[in-house]
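Shown next, in structure tokens, is the structure this report addresses.
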Amino acid sequence: MENLQTKAIDTSKIVYPILFMISFSHFLNDLIQSTIPSLYPILKGEFSLSFSQIGIITLVFQLTASILQPFVGIYTDKKPNPRSLAVGMGLSMAGLLLLAAAHQYYMILISVALIGMGSSIFHPEASRVAQLASGGQKGLAQSIFQVGGNSGSAIGPLLVALVVLPLGQGYVSLFAIAAFIGIIVLWRIGNWYAERLSLKKTTQHSSNIITVELSRKKVIFSITVLLALVFSKYIYLASMTNYFTFFLIDKFHISVKDSQLYLFMFLAAVAIGTILGGRLGDKYGRKKIIWVSILGAAPFTLCLPYLPLVWTVVFAVLIGLIIASAFSAILVYATDLLPNKIGLVAGLFFGFMFGMGGIGSAVLGALADDTSIEYVFKICAFLPLMGIITAFLPNIKGRKK
């Protein structure tokens, strides 16, 4: 342990053990979160829910996370709290246990709100840990962190299809085991984080912070552009994550289990795209990756609603690979703009991501009730065209200090 602490203060070296642990924690956190949309077909049948009510479940979950995250980020920028990571996972565990026992609609809403609160506490501090352990390779570190979350999101629906779907809603409680493991891992990360903060206060060391010489007005404008890009990406992802199974069932008349497996393929592609995006962003520049990852997905999203089943799945995988590479590049680009406000940036972007996903899910659910799920996918297909506004982002040429 002493050796790990000694390496941690050398910011020129990437601390892989901590990165893999925080990525694993993100895996568990997002695996837990993914149980919510994966349970929609079960909950819809069990409680006779409409698409609008399903959208409201997602709205409560996403907004609970999104509203709190920027405030958590602002607070932890001033007073970092290593134990908050384990506390957040504890809230998620409580939400899971309540969801497993829920027999009324309002109990479902309370349970997903608890899981959302856990997520809102987890992400800002976890992102800071990833940056502290990055050794200056921020894109790679953020991708390692992100791929854990995306992998959890991919595996969650598969586990729900294999375990909860045949056995029933009560077996959601098995996911509480993952939350308990997460609490243990995050407590150990908290120990490293606390030592790192203590050493940082008393030790002089080199820093990999990049100073970007832009005016305040230009920084705010750039952040606004980045948020607009997150809007386009996550409204589209909301349509895929929450309604792709319904789209496949409605259009191709496949089973719920098969639709969950195809959703897993899409989410697995998202996980792979995430890790590729971070490495390529470090190598070729984040702005170029943002260009390709959002605008580059447009030809595939525009074709997807009109394809047969096999090509629908193939294009969904390609869309996942391309569009997933954006978020790591966007987040690291934003932290380069505001290098001393990592918690605020992480909270703002993760919160905005969840908020847009929640609002989008509710709106898309209502639209699906009024029209059809296929019509929703035809409309959402145009969202990646917003990637054209990447042209307004400045080319960052900072300097280390």
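The values are calculated or read from the model by the stated rules, or taken from the named source; none is laboratory data. Predicted, not measured: the structure shown is a model, and the values here were computed from it. We place every Cβ from the backbone using ideal geometry, glycine too, and count neighbours over all the protein chains shown.
The table that follows gives values for the structure above.
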read-out	value
Test: residue in segment 259-282 that is free of Cβ contacts under 8 Å to residues at least 24 places away in the same chain and of a type outside the set (Gly, Ala, Ser)	no
Positions within segment 295-315 being in a helix (DSSP H, G or I) and not aliphatic (A, V, I, L, M), in sequence order	299, 300, 301, 303, 305, 306, 311, 312, 315
Test result for residue 48, surrounded by fewer than 19 Cβ atoms within 10 Å (Cβ to Cβ) and at positive phi	yes
Output for segment 281-294, where each listed residue is assigned to a helix (DSSP H, G or I) and out of contact with any Ser or Thr (no Cβ under 7 Å at 6 or more places or on another chain)	282, 283, 284, 286, 288, 292
Residue check, residue 84 at pLDDT below 90, touching an Asp or Glu at 6+ places or on another chain (Cβ under 7 Å), small (Gly, Ala, Ser) and closer than 19 Å to residue 169 by Cα	no
Test: residue in segment 68-80 that is under 30 Å from residue 195 (Cα atoms) and part of a loop (DSSP other than H, G, I, E, B)	yes
Pick from segment 66-82, criterion under 20 Å from residue 191 (Cα atoms) and of a type in the set (Ser, Thr, Tyr), ranking: surrounded by the fewest Cβ atoms within 10 Å (Cβ to Cβ)	75
Any pair with Cβ under 7 angstrom, 6 or more apart, that starts in segment 48-64 at a residue that is within 20 Å of residue 247 (Cβ to Cβ) and ends at one that is charged (D, E, K, R) and in a helix (DSSP H, G or I)	50/369; 51/369; 52/369; 54/44
Subset of segment 210-256 [farther than 23 Å from residue 153 by Cα, among the small types (Gly, Ala, Ser) and in contact with a helix residue (DSSP H, G or I) (Cβ under 7 Å, 6 or more places away or on another chain)]	222, 228
Condition broken by residue 63, with the remaining ones in (1) within 16 Å of the chain's Cα centre (by Cα); (2) surrounded by fewer than 23 Cβ atoms within 10 Å (Cβ to Cβ); (3) modelled with pLDDT of 85 or more satisfied	(3)
Criterion violated by residue 301 - all others in (1) touching a residue at least 40 places away in the same chain (Cβ under 8 Å); (2) more than 23 Å from residue 140 (Cβ to Cβ); (3) surrounded by fewer than 23 Cβ atoms within 10 Å (Cβ to Cβ) satisfied	(3)
Conditions (1) out of contact with any His (no Cβ under 8 Å at 6 or more places or on another chain); (2) of a type outside the set (Lys, Arg); (3) farther than 19 Å from residue 267 by Cβ; number of the one not met by residue 347	(1)
Pair list, Cβ < 8 Å and 6+ apart or interchain, from segment 153-165 residues that are at negative phi to residues that are not in a helix (DSSP H, G or I) and not aromatic (Phe, Trp, Tyr)	160/39; 164/39
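Here's the yes/no breakdown for (1) surrounded by fewer than 22 Cβ atoms within 10 Å (Cβ to Cβ); (2) under 19 Å from the mean Cα position of the chain (by Cα); (3) not in a helix (DSSP H, G or I):
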{"site": "350", "(1), (2), (3)": "no, yes, no"}
{"site": "359", "(1), (2), (3)": "yes, yes, no"}
{"site": "362", "(1), (2), (3)": "no, yes, no"}
{"site": "377", "(1), (2), (3)": "no, no, no"}
